[in-house]
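J.: Encoded as structure tokens, here's the structure I'll be asking about.
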Amino acid sequence: MDLLNTLVEKGLRRELPTREEALAVLATSDDELLDVVAAAGKVRRQWFGRRVKLNYLINMKSGLCPEDCSYCSQRLGSKAEILKYTWLKPDEATKVAAAGVAGGAKRVCLVASGRGPTDRDIDRVSRTIEAIKEQNEEVEVCACLGLLSNGQAERLRAAGADAYNHNLNTSEGTYGDITTTHTYADRVDTVRQAREGGLSPCSGLIAGMGESDADLVDVVFALRELDPDSVPVNFLIPMEGTPLAKEWNLTPQRCLRILAMTRFVCPDVEVRLAGGREVHLRSMQPLALNLVNSIFLGDYLTSEGQAGQADLDMIADAGFEVEGAGSATLPEHRAGGCGSVCGDAETAAGSGCGPAGERCGHDGVPAAAGSEPVPGAEPVPGAEPVPAAGADVLASRPGLVSVRRRGAGTELAPNA
């Protein structure tokens, strides 16, 4: 297929595809799916070989969030029967982190519900970061605490944090339909503050919220422009008690196309298969390892994932290997990002890698004016959301979602 050959060549050169090419990937048929996976797999292997980075989530503070994000079980007004607890103490978080590291996790992600951290919260999280680093010097620590205020990223960095996650989630055009208590621009600003504060930026998306193909391309292109070091791709876990509980719009095949499109647009960044993979990819999870180079190990914030050992077996059976703590995640030309070969120079700020958009060969080249649409691509204006799955599939899917009852904030051991 000429489209796929073109996309592979561009991916190997770190060249931005056109919007029409990205849309065409999402419009491919099931008969073409393995060809799409194989093509994106060539790009993935060029920059990351067969390594898979493992990440481990710790929900530092669960539930009772004042924001109204429609996808979230911790949102304002949520009726989801999730665990609710206030801040974990440093020793509690450290014990949970140790379980993830023992399971092979290279990065520990400290996540807390809420609009954004207070200065007192930053102090609290800083003590936890220091405690984790004291026990596991080589482990990367990523914080995800909501919208940042001036100076907070620098304080987290001083405490030993390596990265900061704040997802764009969906396109700017549809963001107001998902969340009203903060804006898309607020999220973009926090990703930029994280970078400027010396933290490796991590920002991704959630697919399956009723968005169109054009929305998916919009958010992935926006991420390319922001140039984070890691891009988590989440698939909506429709939790009972949230506004999007009935949004079962994804098939395993569509999930693979979304991951492939993300890899083509962001060829040399850490693309992470995140929440919802077990629910939506199911038995096709091993195929996704040809597209992503990073996954979460074990459970998520408020829902259960598959057992950590099952993740390790899947990686080995698919012919991949877990990335060791001593190896670099990112390619050498992206030196400056967390897990790169820069040693202590882990930040874009002051790393000598040039300004954002240039340091990694991401020149932000837009689609050529007047370029011809690729056959099979959807038109950008007025693109329609993908139809929901049939009623027969709907009836079987809600049972796949399990609320987390173990790990952080419980008396039960974590699933790592």
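Read-outs: derived from the displayed coordinates by stated rules, not from any lab. All values reported here derive from a predicted model rather than from experimental measurement. Here the Cβ is made from the backbone with ideal geometry for all residues, glycine too, and neighbour counts use every protein chain on show.
J.: If we count other beta carbons within 10 Å of each Cβ, what is the order of TYR56, TYR300, fewest first? Don't skip to the end; give the middle numbers.
T.: Numbers: TYR56 27, TYR300 21.
In increasing order of surrounding Cβ atoms, one gets TYR300, TYR56.
J.: Right, another one. By count of other Cβ within 10 Å, fewest leading, how are THR183, THR28, THR302 ordered?
T.: THR183, THR28, THR302
J.: Computed FRET efficiency, Cβ-Cβ of GLU130 and ARG45, R0 41 Å: what is it to the nearest 0.05?
T.: Result of the calculation: an efficiency of 0.65.
J.: Something else now. Place a point 7 Å from Cα of THR181 in the direction of its Cβ. Which residues in the range 48-78 have their backbone N less than 14 Å from it?
T.: 62-78
J.: Which residues does the label zone of LEU64 cover in the range 136-170, counting backbone N under 19 Å from a point 7 Å along Cα→Cβ?
T.: Under cut-off, by backbone N: 145-147.
J.: For a 19 Å ceiling on Cα separation, which of these pairs sit above it: LYS95/LYS133; LYS106/LYS133; LYS84/LYS106; LYS61/LYS106; LYS42/LYS106?
T.: LYS84/LYS106; LYS61/LYS106; LYS42/LYS106
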